[in-house]
Amino acid sequence: MQVFVVGRSTLDLKAVNSFLESEDLEWRRSDSATESEELVELAGRTCYLSFGERQSPRSNSAYIFNLIRSGHESVLEHVSWTFLITGISRALTHQLVRHRIGFSYSQLSQQYYEVDGTAMIVPAEIASHPKALAVWEESVEASRTAYHKILEILRELPSSVDLSKKEFLRGIRSAARSLLPNATETKIVVTANARALRHFLEIRGDIVGDEEMRRLAATLLEPLKMEAPALFDDFAIGKLADQSPIVHKLEASSKLSGERNVAIW
Ligand SMILES: Cc1cc2nc3c(=O)[nH]c(=O)nc-3n(C[C@H](O)[C@H](O)[C@H](O)COP(=O)(O)OP(=O)(O)OC[C@H]3O[C@@H](n4cnc5c(N)ncnc54)[C@H](O)[C@@H]3O)c2cc1C
């Protein structure tokens, strides 16, 4: 599995300064905050116009911590990341795309793209068990062979005047892919905002019986922690006994998440 961070939110400081000047406001910025973190802070401060004299001495990270613990999380929706993810199974992406809110997807098509080598993702439980692996490999190879055979047979069908070549190919690939296993490797571009990502990490990161999903959660969290530590500091990556990763939401934050009406500015 590989995750490439191919896009991220940026802060246009020139525009921000124009806004501040137009309102005769001053924003005391934290030295170490990243662009994503500052964008969240800017959005939060705009809600209360807490700039200048109305700005508390809180650092950016303390400000964001406070936003999260007070439940003012819509502000986190202003920053997003775009990930290009490869080396994951169709089984995993079927679960991933169930996340509807704050997520956008573009996935490799099995109708337009013929999976030639048909790479497969071996589940960890099977990979570490030679007997199971042998059965799995045999079954996967049979599917792969059948997929190509079916395509070959259907390609020879007499061409219909009603079907363009594109639709003909779509039809036969759609039919043949019914034989491809859930393990089929896929590629997907995922854009998600920080709030949606936090929700994903919380509900998907620590499912012990779902190794591939845990691995995805941890592989997404790693760059996020570098790009916006204040937004993801309450998540930690640990390891299970088999050395596979697990993502935990830290206790301190979950205790605080019950608190409401905490002053934000
Ligand atoms: C452990 C586990 C087991 C699962 N098992 C199954 C299963 O057996 N079968 C299955 O089909 N799915 C299963 N799922 C998928 C699950 O039901 C969700 O579809 C998936 O996790 C996406 O979560 P979500 O709806 O919270 O996310 P999103 O779709 O991103 O939604 C985010 C949040 O927005 C709100 N929201 C979104 N849509 C609505 C709405 N229509 N009405 C009101 N509020 C809304 C909710 O607060 C929601 O949590 C499982 C998930 C987990 C984590």
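Per the listing Ala43, Ala33, the residue uniquely part of a loop (DSSP other than H, G, I, E, B) and either over 30 Å from Val122 (Cα atoms) or more than 16 Å from the ligand (Cβ to nearest atom) (or both) is Ala33.
Is one or more of the residues making up the stretch 144-157 surrounded by fewer than 19 Cβ atoms within 10 Å (Cβ to Cβ), of a type in the set (S, T, N, Q) and in contact (Cβ under 8 Å) with a residue 60 or more places away in the chain? No; the residues of the stretch 144-157 include none that is surrounded by fewer than 19 Cβ atoms within 10 Å (Cβ to Cβ), of a type in the set (S, T, N, Q) and in contact (Cβ under 8 Å) with a residue 60 or more places away in the chain.
Of all residues in the stretch 185-208, those that are more than 20 Å from Leu84 (Cβ to Cβ) have Cβ atoms under 7 Å from Cβ atoms of residues that are small (Gly, Ala, Ser) and within 10 Å of the ligand (Cβ to nearest atom), 6 or more apart or on another chain, in Arg195/Gly102. For Val140, the conditions (1) touching a residue at least 24 places away in the same chain (Cβ under 8 Å); (2) out of contact with any strand residue (DSSP E or B) (no Cβ under 6 Å at 6 or more places or on another chain) all hold with the exception of (2). For the stretch 207-216, a residue qualifies if it is buried (at least 18 other Cβ atoms within 10 Å of the Cβ) and within 11 Å of the ligand (Cβ to nearest atom), and exactly one does: Met213.
The lone criterion from (1) within 15 Å of the ligand (Cβ to nearest atom); (2) out of contact with any Ser or Thr (no Cβ under 9 Å at 6 or more places or on another chain) left unmet by Ala196 is number (2).
Any idea which of Arg204, Arg170 is more than 15 Å from the ligand (Cβ to nearest atom), basic (Lys, Arg) and surrounded by fewer than 21 Cβ atoms within 10 Å (Cβ to Cβ)?
Details: Arg204 fails: more than 15 Å from the ligand (Cβ to nearest atom).
Exactly one residue qualifies, and that residue is Arg170.
Listed conditions (1) out of contact with any helix residue (DSSP H, G or I) (no Cβ under 8 Å at 6 or more places or on another chain); (2) part of a loop (DSSP other than H, G, I, E, B); (3) within 25 Å of Arg215 (Cβ to Cβ) are all met by Pro158, apart from (3).
Flag not set for His72, criterion: under 19 Å from Ala183 (Cα atoms) and either modelled with pLDDT of 95 or more or not aromatic (Phe, Trp, Tyr) (or both). Checking each residue in the stretch 98-136 for being outside any strand (DSSP E or B), in contact (Cβ under 8 Å) with a residue 24 or more places away in the chain, exposed (fewer than 15 other Cβ atoms within 10 Å of the Cβ) and within 16 Å of the ligand (Cβ to nearest atom) picks out only Ile101. Take the residues in the stretch 78-97 that are within 16 Å of the ligand (Cβ to nearest atom) and of a type in the set (A, V, I, L, M, F, W, C), then tell me which one is nearest to Glu202 (Cα to Cα). For the stretch 78-97, the residue satisfying everything is Leu96.
The values are calculated or read from the model by the stated rules, or taken from the named source; none is laboratory data. All values derive from a computational prediction rather than experimental measurement. Virtual Cβ from ideal backbone geometry, glycine too; neighbours counted across all protein chains shown.
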